Amino acid sequence: MNLQNLALFVTCLCSKQLLCRGDGTEKTAEDECKDPSNIRIVSEEELSGKVSKLGDEIWLAILGEVYDVSAGSEYYAGEDGYGVFAGRDCSLSFVTGDFTLEECAKGLDELTAQQLVSLDQWKSFYVKHDKYEFIGRLEGRFYDKEGNPTTEMEDVKEKIASVPRKKPAEGKS
């Protein structure tokens, strides 16, 4: 099992939700884990239409992973605050706190490895959240049209992996 498939497997185990294929059929995350080539690929055009106009779905992407956050419409609907996340990948804004379209358009080149770890922790929030559903991978900056990680995503993963993890505190005597 390569690193990409292992990461997908862990994501699937954590999320335990229904995933949709491009043909509109549904299957469980367990099914998805068995064949990661079936992950739904979302275009930027499709994502940009998921901004809750008149109560429609709200999707966002973080590090190229797309989530349905419609259950949190009180946070993600509208044009202010977290509403900037709706319909796009605003990964940088999760770290900088600058919720503007200009910030969303920027890459992650200037982030330190520790900042990328923080961004990855934000992604974990969506993976683990009971109300938010994983939709698929966004074709573009982080994943290609087959859903494979791009060079930029591989670089991000390497930087995250380079950060030493804190060891659990040992019991006091």
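Can you find a residue that is surrounded by 11 or more Cβ atoms within 10 Å (Cβ to Cβ) and either at pLDDT below 95 or among the hydroxyl-bearing types (Ser, Thr, Tyr) (or both) anywhere in the stretch 165-172? Quick ask: steps written out before the conclusion?
The first filter runs over the stretch 165-172 and keeps only residues surrounded by 11 or more Cβ atoms within 10 Å (Cβ to Cβ), leaving none.
No: zero hits.
Just to be sure before I move on: is Lys123 loosely packed, with under 14 Cβ neighbours inside 10 Å and among the basic types (Lys, Arg) in the structure I sent? Please lay out each step first, then the result.
Values: loosely packed, with under 14 Cβ neighbours inside 10 Å: no; among the basic types (Lys, Arg): yes.
So Lys123 does not fit the description; no.
Out of curiosity, is Asp98 modelled with pLDDT of 95 or more and under 24 Å from Ser52 (Cβ atoms)?
Working: modelled with pLDDT of 95 or more: no; under 24 Å from Ser52 (Cβ atoms): yes.
It is false that Asp98 is modelled with pLDDT of 95 or more and under 24 Å from Ser52 (Cβ atoms).
Tally time: how many residues in the stretch 146-158 are open to solvent by 80 Å² or more (accessible area, probe 1.4 Å) and at pLDDT 95 or above? Give the steps one after another, and end with the answer.
Residues of the stretch 146-158 open to solvent by 80 Å² or more (accessible area, probe 1.4 Å): 146, 151, 158.
Of the ones still in play, those that are also at pLDDT 95 or above are 151, 158.
Here the count works out to 2.
Look through the stretch 142-157, keep the residues that are more than 15 Å from the chain's Cα centre (by Cα) and of a type in the set (Asp, Glu), and return whichever of them is farthest from Gln115 (Cα to Cα). Working first, answer last.
Pass one, the stretch 142-157, residues more than 15 Å from the chain's Cα centre (by Cα): 145-146, 151, 155.
Okay, now just the ones that are also of a type in the set (Asp, Glu), so 146, 155.
Details: Glu146: 28, Asp155: 14 Å.
Across the stretch 142-157, the extreme among qualifying residues is Glu146.
Which residues, taken from the stretch 134-145, are surrounded by fewer than 20 Cβ atoms within 10 Å (Cβ to Cβ) and in contact (Cβ under 8 Å) with a residue 24 or more places away in the chain?
First, pick out the residues of the stretch 134-145 that are surrounded by fewer than 20 Cβ atoms within 10 Å (Cβ to Cβ): 140-141, 144-145.
Within the stretch 134-145, Gly140, Arg141, Lys145 meet the criteria.
If a residue must be of a type in the set (Val, Ile, Thr) and part of a helix (DSSP H, G or I), how many such residues does the stretch 118-159 contain? Please lay out each step first, then the result.
Residues of the stretch 118-159 that are of a type in the set (Val, Ile, Thr), as a first pass: 127, 135, 150-151, 156.
Narrowing further to those that are part of a helix (DSSP H, G or I): 127, 151, 156.
Final tally of qualifying residues: 3.
Considering every residue within the stretch 113-135, establish whether at least one is touching a Leu at 6+ places or on another chain (Cβ under 6 Å), over 24 Å from Arg40 (Cα atoms) and basic (Lys, Arg). If you could, list the steps in order and put the result at the bottom.
From the stretch 113-135, those touching a Leu at 6+ places or on another chain (Cβ under 6 Å) are 123; that's our starting set.
With the extra rule that they be over 24 Å from Arg40 (Cα atoms), the set shrinks to none.
No, every residue in the stretch 113-135 fails to be touching a Leu at 6+ places or on another chain (Cβ under 6 Å), over 24 Å from Arg40 (Cα atoms) and basic (Lys, Arg).
In the stretch 108-117, which residue that is part of a loop (DSSP other than H, G, I, E, B) and over 12 Å from Leu63 (Cβ atoms) is least open to solvent (accessible area, probe 1.4 Å)? Please lay out each step first, then the result.
Restricting attention to the stretch 108-117, the residues satisfying the condition of being part of a loop (DSSP other than H, G, I, E, B) are 108-112.
Then keep just the ones that are over 12 Å from Leu63 (Cβ atoms); that gives 109-110, 112.
On the way: Asp109: 117, Glu110: 164, Thr112: 72 Å².
Looking at residues that are part of a loop (DSSP other than H, G, I, E, B) and over 12 Å from Leu63 (Cβ atoms), I get Thr112.
Tell me, yes or no, whether the stretch 37-47 has at least one residue that is at pLDDT 90 or above, in a helix (DSSP H, G or I) and either crowded, with 19+ Cβ neighbours inside 10 Å or touching a helix residue (DSSP H, G or I) at 6+ places or on another chain (Cβ under 7 Å) (or both).
Yes, there is a match, as at least one residue in the stretch 37-47 is at pLDDT 90 or above, in a helix (DSSP H, G or I) and either crowded, with 19+ Cβ neighbours inside 10 Å or touching a helix residue (DSSP H, G or I) at 6+ places or on another chain (Cβ under 7 Å) (or both).
Out of the residues in the stretch 61-87 that are among the hydrophobic types (A, V, I, L, M, F, W, C) and free of Cβ contacts under 8 Å to residues at least 40 places away in the same chain, state the one that is most open to solvent (accessible area, probe 1.4 Å).
We begin by selecting, within the stretch 61-87, every residue among the hydrophobic types (A, V, I, L, M, F, W, C); these are 61-63, 66, 69, 71, 77, 84-86.
Then drop every residue that is not free of Cβ contacts under 8 Å to residues at least 40 places away in the same chain, which leaves 77, 84-86.
Details: Ala77: 41, Val84: 9, Phe85: 5, Ala86: 3 Å².
Taking the candidates together, the pick is Ala77.
The values are calculated or read from the model by the stated rules, or taken from the named source; none is laboratory data. Here the structure is a predicted model, which is why all the values come from computation and not from measurement. Every residue, glycine among them, receives a Cβ derived from its backbone with ideal geometry; neighbour counts consider all protein chains shown. Side chains included, ligands, DNA and RNA excluded: accessible areas come from the protein's heavy atoms. Shrake-Rupley method; radii C 1.70, N 1.55, O 1.52, S 1.80 Å.
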